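Shown next, in structure tokens, is the structure this report addresses.
The values are calculated or read from the model by the stated rules, or taken from the named source; none is laboratory data. As the structure is a computational prediction, the values presented were derived from the model and not from experiment. Ideal geometry is used to build each Cβ from the backbone, glycine not excepted, and the neighbour counts take in all protein chains shown. What goes into the accessible areas is simple: the full protein's heavy atoms, side chains included, and nothing from ligands, DNA or RNA. Shrake-Rupley method; radii C 1.70, N 1.55, O 1.52, S 1.80 Å.
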Amino acid sequence: MTLRQTLEQQWQEGGALATALRPLGALTGKVAWWRRRHLQGRAASIPTIVVGNLAVGGSGKTPLVAALARQLTAAGWRVAIISRGYGARPPHWPYRVQRDDSPQRAGDEPLLLAQEQGETQAVYLCPDRHRAIAAAAADGYNLALLDDGFQHLALQPSLRLLVFSGPRPLGNGHCLPAGPLRECPDAMLHADALLMDAAAAAIPERSGLPRFIFRIQPKDLVAVNDPTRTRSLDSLQGQHVTAVTGIARPQRFVASLEGLGAIPAPRFFPDHHPFCVSDIAHLPRPLVMTAKDAVKCREFAQADDWTLRIEAELEPSFQPWLERSLLPWRS
């Protein structure tokens, strides 16, 4: 087990290493508190919505961003998704992601979002979110949806949505490196609403903020090398599959496959792993992977390699709340 894996396990279950690191975690929390108190961001030229979290690791933000983009487009907005471009190597900044880009150029999550969006939406990359939003506005988009960015204090967003998932979304309650938190739990008071899955919703009310439940729903299986080929979820019943993941919380993916009746043999890779042919060439088939991993394997995938396609679904009361919240920016 690597040092990172050991730490992540202790963030949830406790341990001597996480306990020894608490003084550093307290320093992280104080620095984050100071930044919140003293750094004054500026608003962008178009309304902006941040979808972020307090803890590192996967929380369902990417499918939520995709679902929000669809909802906002249906409500009449021209939506640009903004990402800092972690791991991307575009030819320039800011950069508008193309559907046929490579994962190396665009990054795995931005490329996945670009391929899932319709013609009326776009994905822009830049570590400086203001520059990315300005590029989107120049192209005619009138709302920016930030994938992550709750801690990007140079921007004063129109709305902040904070995502929580799992039975222990705050881990052990400590900041990095003693725990998974980027800042102290009280930072959630700076959000406008909380988006929580069913497990996280069991956490007692603390902030008085609006809370909305979301679910991540498996939809079907899509061939990695040919998105026009699909299989129903029923076809997983009783089937042995190799579950390939390069995500932050791979156990959730395995649990999803088990919930669908499959018998998965896990093959875990580090988060954002740059897959190559040799990683999967000799694994037993059929093989099932996440959509984020599939965009990096499409060129060398075999015929029996499949993506588990998922979508986020928000409770019905969220849409009217969102529309009311955006009324000040309706022209």
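For the range 43-66, the criterion of being open to solvent by 50 Å² or more (accessible area, probe 1.4 Å) and closer than 27 Å to Arg252 by Cβ is met by none of the residues. Looking only at residues in the range 114-149 that are β-branched (Val, Ile, Thr) and open to solvent by less than 40 Å² (accessible area, probe 1.4 Å), the one that is farthest from Arg36 (Cα to Cα) is Val123.
Inside the range 150-168, residues that are open to solvent by less than 10 Å² (accessible area, probe 1.4 Å) and assigned to a loop (DSSP other than H, G, I, E, B) make up a count of 3. Checking the range 103-117 against the condition returns no match, with no residue being more than 25 Å from Cys297 (Cβ to Cβ), more than 15 Å from the chain's Cα centre (by Cα) and not β-branched (Val, Ile, Thr).
Within the range 9-24, the set of residues being charged (D, E, K, R) and free of Cβ contacts under 8 Å to residues at least 12 places away in the same chain comprises Glu13 only.
Leu111 fulfils the conditions (1) open to solvent by 10 Å² or more (accessible area, probe 1.4 Å); (2) touching a residue at least 60 places away in the same chain (Cβ under 8 Å) except for a single criterion, (1). Of everything in the range 222-248 that is of a type outside the set (S, T, N, Q) and open to solvent by 60 Å² or more (accessible area, probe 1.4 Å), the residue that is modelled with the lowest pLDDT is Pro227. Restricting attention to the range 67-85 and to residues that are assigned to a loop (DSSP other than H, G, I, E, B) and open to solvent by less than 40 Å² (accessible area, probe 1.4 Å), the residue that is modelled with the lowest pLDDT turns out to be Gly85. Every listed requirement among (1) open to solvent by 60 Å² or more (accessible area, probe 1.4 Å); (2) farther than 27 Å from Pro127 by Cβ is met by Leu27 save one, (2). Do we have any residue at all in the range 289-296 that's within 18 Å of Val51 (Cβ to Cβ) and either buried (at least 17 other Cβ atoms within 10 Å of the Cβ) or at pLDDT 95 or above (or both)? Yes, some residue in the range 289-296 is within 18 Å of Val51 (Cβ to Cβ) and either buried (at least 17 other Cβ atoms within 10 Å of the Cβ) or at pLDDT 95 or above (or both). Determine whether the range 207-221 contains at least one residue that is open to solvent by 30 Å² or more (accessible area, probe 1.4 Å) and part of a helix (DSSP H, G or I). Checking the range 207-221: not a single residue is open to solvent by 30 Å² or more (accessible area, probe 1.4 Å) and part of a helix (DSSP H, G or I).
Condition first: more than 30 Å from Pro47 (Cβ to Cβ), of a type in the set (Asp, Glu) and open to solvent by 30 Å² or more (accessible area, probe 1.4 Å). Can you find one or more residues in the range 299-309 that meet it? Within the range 299-309, one or more residues are more than 30 Å from Pro47 (Cβ to Cβ), of a type in the set (Asp, Glu) and open to solvent by 30 Å² or more (accessible area, probe 1.4 Å). Reported count of residues in the range 191-206, each being in a helix (DSSP H, G or I) and under 20 Å from the mean Cα position of the chain (by Cα), is 2.
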